[in-house]
Structure formats: C-alpha cells, structure tokens
Amino acid sequence: MKRLLSAIIVIIGVTAIIFIISRLSGDPVDLMLGLEATPESRAALRHALGLDQPIHIQYLIFLVNAFKGDFGVSIRHGVPAMQLVLERLPNTLVLTLATIGLAVAVAIPIGIVSALKHNTVIDYAGMVFTFVGQSIPSFWLGILLILLLGVRLRVLPISGIGTPAHIVMPAITLSSFMLASLARLTRSSMLETLNRDYIRTAKAKGLRYSTVIIRHALRTALIPVVTVLGLQFAGLMGGAVITEQIFAYPGVGWLAIAAIYARDFPVVQAVVFVVSVIVVLANLIVDVVYTYLDPRIRYG
Amino acid sequence: MTGSESVKPDRRSFLKIVGGTLAGLVIGSVAGYYLRSPEIREIIRTVTQTEAAKTITQTLTVPATTVTQTTTVTQTARVTVVQTATPAARPRLTIAQGVDPTTMDPDMQSETPTFVVLFHIYDSFVEIDREGKLVPRLAISWTYQDPRTLDLELRRGVKFSNGEEFNAEVAAFNLRRMTTPPQIPGAKPTVLARDYLTVQDVEILDNYRIRIKMNKSDPLLLRILKSKLVIPKKYVEENGFDMLATKPVGTGPYILKEWIKGDHLTLVKKVDYWGGPAAIDEVVFRPIPEAATRVAELRVGNVDIIANVPPDQAAVLDAEPNIDIRTVPSVRVAFIMMNTETNEKLRDPRIRQALNYAVDVNSIIKHVFQGYAKRVSTLCPSFFAPYDPNTKFYEYNPAKAKQLLADAGYKDGFEIDMEVARGRWLGAEAAAEAIAGMLNTVGIKVTLYTPEFGVWAKGTQEHKIRSLAYAAWGNPTFNVLQSLNALLHSNRPFSWYSNPALDALIDEAFDTPDPEKHNAILRQALDLIFEEAPYIFLYQHVDIYGVNSQVVWQPRPDELMLAYEAK
C-alpha cells in the first residue's frame, strides 16, 4: 500500500517536472505559425489553446482533467493526445517483446557457455562479440542492415509496419546493445554461482552435468538478469527514438520526439504519463517477483 | 509473517501463473497486432468469406442453423464492410516524406508535408504556376474594384465528396473562418489566420460571386488564396470543425481512403472530379524520417517519389538505372540577418558590405550543397517577377572586405556573435560554420551558437536575436514584397533593420496593385538593399527529389508534390 502511494507520488512528480520544463523551452504557437506571423494572430491562438494562463493554473487544469482521464487535445493533430499514444503503444509493445525475446535467446546461451568455458577461446570470442554489440551505434547498425538485408539481398522490408518481417531489423538493431549487457551479466553471475558449495554438492551427488547447470546453477544465476530485464523492458516501452526513426517504425518514441520538437504539450504529457506508469509498474512487478524467486527477500 | 505466508500461493504456482499470463499477453498482443496488417486481413477475409458462403448455403439448405454458424455470418459481415474499401491492384504512386501529416483540417496547420497531402483532397481558390502566374481554380476570375476591394467569381458545378455544392455561401464561410477573430460563431482562431489579417468583411454578391473588403490595401491577398483550401460549410455545421481533422471532405481530385497514423495514408481518385479524373488511381503517402531509409526504399522500388534527397546522395541515386534525380529551385532563400538594433557596428553600411565581400558563397554552394543551391543577389528568388537576370553579386574579395573594415575604423577586426537554429534548414549548420571561418580570415572573430529551432523561434518572438543570425525564408506568395515587408521594414516583429527610404518603397508597393508599376517599385527596393547590404546575401535552396524513372512528374518550386500532375 505504501509502495503504491509512493508510486503515485512519483508519477505526479514526473508529470510536474515535464510540464514545467517543456513550457520553459518554447512555445507551440511560435512553431506552428512560423516566423512570418504577427503578434495579434499569435495572441489569439495562444488564448484559444489556453496557453495564456499562468503556468500553475495550467498545471492544475491538467491534473484535474488527467484524473478524469482527459489528457487534452494535441495542438498539432487536433485529436485527443492519449488516443495518439494508445494507437502507437501496441507497436512499441510488439517491438519491445521481440527485442527482449531475441536478446534473451542469444545472450543467455552465450553467457552460460562463456562461463562454463571460462578463460578459453570460446569465452573470449563470446565477450568480443558482446563488446562489439555494445559499442556499435544503433543508427549505424540500422543503416547497415537496411543496405545489406533490404537493398542488396532484398530479403526484408526496409521500413514501416504490417508483417512480422517488418519487426526483424528494428529488433536486431535494438537488441544489439541489450544483448551485450545481458550476456556479460549472465556470464559473471553464472561464474559466481558455479563456485558455490551447493553446486559442488550437486555434482558430488552424481547428478548429470546438464541437470546441475540448468536446474541448479542457472536458476540462481538468473536473478540479477531478471532485474535487468524488467528495467530494460520499461526503458524500451518508452520508445527507442533512433531505431524507430531509422526504420520509420510508428512507436511511442518517434511520437514523443516529434511532440517535443513541436512543443505539442498535451502529447508530451500523455507519453510521459504512460511511460512513467509503465516504469513504476515494471519496478513493482520486479520487486514482487523477487520475493518469490528468492524467498529470503521481504519488504516491510 | 508466517500467517501471511500461508495465505499466499506457493512460489512455484505463482511463477506458473505469472509466466502463463505473460505468455498469453505476448501471444495476444502479437496476434492483435498482425490482425491489423492488410495482408493478414486479406487472408482472413478470404477465409471468412468462404466460411460465410458455406454457412449461408447451410442456412439455406438446412433450416435449423446452430448458434456458431450465425456468429460466423455476423463476423464476416463486419470484416467484409472493412474490406469493400480495398479495391483490387491499380496503378498507384507512393510518395515518402519526412513526416506524417498532422491533421486533415487545412486551416489548422502550416507544414509543407501536410499541405502536400491536403492539396489532393481539397482545392484552393487560385493556383500559382511554375512561372509565378495566377491560374484559376475554384475562383475563375478576380477583379480589384479598388485597392481594398477584391471580387471573386466562382466556378460552377463543383461538388464536395459528400455531395455538398460549392457556391458563394461556402466561399464566404471559408474566408470568415480566417478573419481575426473568426466571424463564425464558435469557431476557434486558425493557424493560418496570420495571412488574412487584412480581411475585414466578406459579402455574397450572388450565388457565385463574393466581395472581399480589406482594412488596408493588400495586393498579396490574392496570392495567399493559393493556400486557402476550401472546406465544406454544411458538413462542418453538422459535425463541427473537429471532424475535419480526421474525416476530411473536399472538392479535390482525391478522397481519403485510409490513414494509419505514422505508417501510411492512402488516397483514391475521385472519378467525377471537376477538372477530369486523375491519371493515377491511388496515392500512398509514407512518413520516413531518416533520409538514408527514404533513399533505400526508393532504390528497392517500394516508393516512387522521395523529397529532400541529401545532396551528397544525389549523384549515387542518379547513377541507378531506374531512378532520376529531379531538381527545382525553391522559394526558400537563405541569408544572415544583421541585428542593427543591438550591434552599433552593423549600422555602418561599409561593415555590412565588408561582411558580404568576406563570404565565398560559391564555395559554400559547391562544398556544402554539392551544387544544389543557387546564388541570389538579394532576397529575391530567380523566378519572382522583379528578379533581374543581369543582377550583380558581391564577389568574394577578402582584401576589399579588410579595406572596408579599415575605412570604418576596425583595421584589426572585432568579435561578434552568430547563431544558427539546428534541425530546420538543409545544410544550415555546415554553411554557418563555413561562414564563421571565412569571417575569421578577415579578422572578424565569430562565436557561433547553435540553439534548437524551437528555442531560437521563441527568442525571435521576443524580438531577440544575436548580432548575426542564419535564417532561410520561404515565400509561398511568389511576390518578394512579402519578404521585404516582413524582414526589412522598420518596426516589424521580424526586422532588426530600419531605413525610411526602403519603408517608403515598400508602402508604395502595397498601394500599387498594377503589376507593372508594382514590380518597378520592387526592383528599386531590391537595388537599394543590394547597396545597403542589410544582410549577408547567400543563396536560394534547390529542392532535390528522387523519382522512379517511369513516373512522369516534374517538381514544383513551392515544394508541393501533386499526384494529379503525374502519370
């Protein structure tokens, strides 16, 4: 209950900060009317949008409406801001899940094998692979993939959405960074676990090697990995701005960045609200799952 | 502690539940996501239609239908309705722009990519052709009764896509929406209202004639009507203006079929368009923000026209056998503004001329724009009426610049601030850096600032710019008077320069609608600003398009890509 209350306070705090910062740095009316407009037309539009009120009044109005589920109408698009966000949320969810799925499927085996073949050529190869993955900038990898798979080989669609094939390149691009950190985490966590007493006991009992690794060692080793996954999930749900732009993938990140540049406040606020709710929820879930994964952890 | 533990389910079963829910979510969302894709919908349609056919046959032959069969019929009915909007494959044109259109309400936006789409759905009152001449559209003729009274005669027999008729009442309704404040009860001020501040009143003379009364002489208004896309009156009165944002109804050559925001927007041609049906049946607009991705999509043939090809990629694309690079000089002119209000040094014309002599514009055109820009003498693009083909330029002459600086008392140069907004104009940042370097070589030490465009625009609205500021001004009226008045007339919000002689010429041009006299005055004004050098004069942009060679289409200087003009 206490945690829930603090979660709500966090969300309100985040929206307040965003509200103030976004309004300090520019005005949507200037951007919409362009350089050519006159002061009269500016004032008229500003009044129509309610932007001529003092900022604390604007925030109060926003809070009251937000509690009623109304996040205002997008200044640029003329449709409800929340609708714009919700239209794109499924796209982002699909991309996020594909990315995490891909990262887990590749990273965890690499991590395990590297740990088992500790300090061998295989281990080094795995770690070099992850180094490279972590250091390649996503815009570069994305464009390379487009040129190779999209233009040269023509096996995958280049941009947009519509078929499962459209997800492949963005998911590879996005997972490259995450994959690296996950593999390294799995490796170190696995190494630590393999030196524990109970693993030696299990081996001494004469259990099969694979049973020891998968049923005994991996389970324990995965606890920190789950934490990182939870946080990464929340982060990805906030959108992957660069990747989404490269592949013209209509997700939340692209919407957010366009809204920020245009100072489309209602959309910025709706995105921030949705993302902060997801982050807070993801944290809550990770905490709860902890207590079950590791019965020793208890929250007062 | 122990008590609460016994209430909880055991760890294993909890993990199973969590895992199961997550897996369900994943499968559900993925399935739901792909149900929206056209290909899958097509498959579902075929499947369900066959099912429905079976069911119906069964219903016909077997009197007692089961509950499941009835459900199939209703579901199919729904799916089929969605699908009837999808015609079979037809000639289609796919256009990729940097961004998605923002709204389908033409008066509530001012972005080129949105205008590009809207010019397919709506018609404007007049059109400006490639030579800058006015051409009839929904207005077939126009007369200035006096400099403040403009009569329009309207086209007859034009209908909106909902069947509503276009007439004087609709035309007046459209212009009354644009006045400040709007003369329609309950209407919000529009984004484009800034262009119609001189409109005082609109009278309906008869069913196809209206009279526009202005509060002061405004020869630009007729050219502004090129951007006034005409919306239906009855439709708006019945559904409200907000409906236009997503469900547009216009008199244009195309109708909106589908708009998946952020992914694509599809238009189909109107068979009974008053100007005759378009050659292209279906037009698809796709937003692709990354230029490299637009280029890739063009190379594999998924899109037919792309805008804003980066100059360094133009040569590569042109070398491809089935892709053409087509260019057109744009109405956008770049320059460096000088703030003569805050910086006293810039009030001396010798210093302003020195700055012009110090900048090697041709080298910037060659190296930053790969040749895709065109030098201008002042602020006037090459195809505007008062442009003089024999016009002269400030040639690159650092020695002369130094001499002028010395004459003005700054033998050792001085320090100055300069700014360029990021992310708005092609090549602006690189060009500004080059200019700063060139000024350094004649002894003017430049500190360059690069604010984000939104921040810079907010500053200009508070009438704040640094001593030097890079800007690129788009003038859709094809009349240089608009630029001169906004940028160089004293006491205008976007002017940091004052010269009574120039003000007098601008005011005179406003009061002189007769084209020949009007242009002669503007010619004089341009000569004056060339001598006075209130800006560092640079170049006009050249827009670069990548086009599938099979498409018959030529780019326009006003940045509009119109499928109606393509084959």
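Throughout, read-outs are computed from the coordinates displayed, never taken from laboratory work. As the structure is a computational prediction, the values presented were derived from the model and not from experiment. Every residue, glycine as well, gets a Cβ built from its backbone with ideal geometry; the counts of neighbours run over all protein chains shown.
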Inset, instruction - Please give the average number of partner chain Cβ atoms lying within 10 Å of the Cβ of each residue in B:91-103, rounded to a whole number. - result: 2
Inset, instruction - Would you please give the FRET efficiency between residue A:10 and residue B:450, computed as 1/(1 + (r/R0)^6) with r the Cβ-Cβ distance and R0 = 41 Å, to the nearest 0.05? - result: 0.75
Inset, instruction - Starting from the Cα of residue B:411, draw a straight line to each of the aspartates and glutamates and keep only those under 20 Å, dropping any in the same chain fewer than 8 residues away. - result: B:344, B:348
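Which value in deg cm²/dmol, rounded to the nearest 500, describes the helix-derived mean residue ellipticity at 222 nm for chain A, given -39,500 (n - 2.57) per DSSP H run of n ≥ 4 and division by the residue count?
That calculation yields -24000 deg cm²/dmol at 222 nm.
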Legend entry - Zone residues, segment A:209-250, relative to residue B:312, backbone N less than 19 Å from point 7 Å out along Cα-to-Cβ: A:246
Legend entry - Relative contact order (percent, whole number), chain A, Cα cutoff 8 Å, 6+ residue spacing: 27
Inset, instruction - Only Lys, Arg, Asp and Glu count, each charged at its Cβ (+1, +1, -1, -1), so figure out the dipole size of chain A about its Cα centre, rounded to 20 debye. - result: 1480
Inset, instruction - Normalising by the residue count of segment B:417-567, find the relative contact order in percent from Cα pairs under 8 Å and 6+ residues apart. - result: 15
Inset, instruction - Specify the angular offset, from 0 to 90 degrees and rounded to the nearest 10, of the alpha carbon long axis of helix A:81-116 from the longest principal axis of the alpha carbons in chain A. - result: 20
Legend entry - DSSP-defined beta bridges in the protein assembly as shown - what % are antiparallel, rounded to 5: 75
Inset, instruction - Arrange the following residues from fewest to most other Cβ atoms within 10 Å of their Cβ: B:243, B:104. - result: B:243, B:104
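Please count, across segment B:106-245, the pairs of lysine residues with Cα atoms under 16 Å apart that sit 8 or more places apart or on different chains. Mind dumping the intermediate values first?
On the way: B:133/B:226; B:159/B:233; B:159/B:234; B:188/B:233.
Lysine pairs meeting both conditions in segment B:106-245 amount to 4.
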Inset, instruction - Using Cα positions and a limit of under 17 Å, work out the aspartates and glutamates in reach of residue B:270, with same-chain residues fewer than 8 apart set aside. - result: B:123, B:164, B:165, B:258, B:281, B:282, B:565
Legend entry - Simple spin-label estimate for residue B:135 and residue B:403 in nanometres, 7 Å along Cα-Cβ: 4.9
Inset, instruction - Would you mind classifying segment B:331-406 by shape? Square roots of the alpha carbon gyration tensor eigenvalues, ordered a ≥ b ≥ c; an a/c under 1.5 is rounded, otherwise it is prolate if a/b is larger than b/c and oblate if not. - result: prolate
Inset, instruction - Could you please rank B:142, B:496, A:140, A:254, placing first whichever residue has the fewest other Cβ atoms within 10 Å of its Cβ? - result: A:140, B:142, B:496, A:254
Legend entry - Net dipole in debye of the protein assembly as shown [+1 Lys, Arg Cβ; -1 Asp, Glu Cβ; about Cα centre; nearest 20]: 3660
Inset, instruction - Have a look at A:127, B:459, B:479 and report the one farthest towards the positive end of the charge dipole of the protein assembly as shown, computed about the Cα centre with Cβ charges (Lys/Arg +1, Asp/Glu -1). - result: A:127
Legend entry - Theoretical gain in end-to-end length, residue B:511 to residue B:433 [0.36 nm per residue, Cα-Cα removed]: 24.0 nm
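Where in segment A:145-221 are there trypsin sites (Lys or Arg not before Pro) that are in a DSSP coil and have at most 14 other Cβ atoms within 10 angstrom of their Cβ?
Passing sites in segment A:145-221 are A:154, A:196, A:205, A:208.
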Inset, instruction - Please work out whether segment B:106-245 counts as rounded, prolate or oblate from its C-alpha gyration tensor, where a ≥ b ≥ c are the square roots of the eigenvalues and a/c under 1.5 means rounded, while otherwise a/b larger than b/c means prolate and anything else oblate? - result: rounded
Inset, instruction - Could you list A:198, B:394, A:292 in order of exposure, starting from the residue whose Cβ has the fewest other Cβ atoms within 10 Å? - result: A:198, A:292, B:394
Inset, instruction - Within 10 Å of each Cβ in peptide A:85-94, how many partner chain Cβ atoms are there on average? Round it to a whole number, please. - result: 3
Inset, instruction - DSSP loop (so not H, G, I, E, B), at most 14 other Cβ within 10 Å: list which GluC sites (Glu not before Pro) in segment B:490-558 pass both filters. - result: none
Inset, instruction - Can you figure out the FRET efficiency of residue B:388 with residue B:238, using R₀ = 45 Å and their beta-carbon distance, to the nearest 0.05? - result: 0.30
Inset, instruction - Between residue A:196 and residue B:324, with labels modelled 7 Å along Cα→Cβ, what's the label distance in nm to one decimal, could you check? - result: 7.0
Inset, instruction - Find out how many positive minus negative residues lie around residue A:80, taking Lys and Arg as positive, Asp and Glu as negative, among other residues whose Cβ is under 11 Å from that of residue A:80. - result: -3
Legend entry - Sites residue B:279 and residue B:215, calculated FRET efficiency, Cβ-Cβ separation with R0 56 Å, nearest 0.05: 0.80
Legend entry - Within segment B:87-177, GluC sites (Glu not before Pro) in DSSP loop having at most 13 other beta-carbon neighbours inside 10 Å: B:131
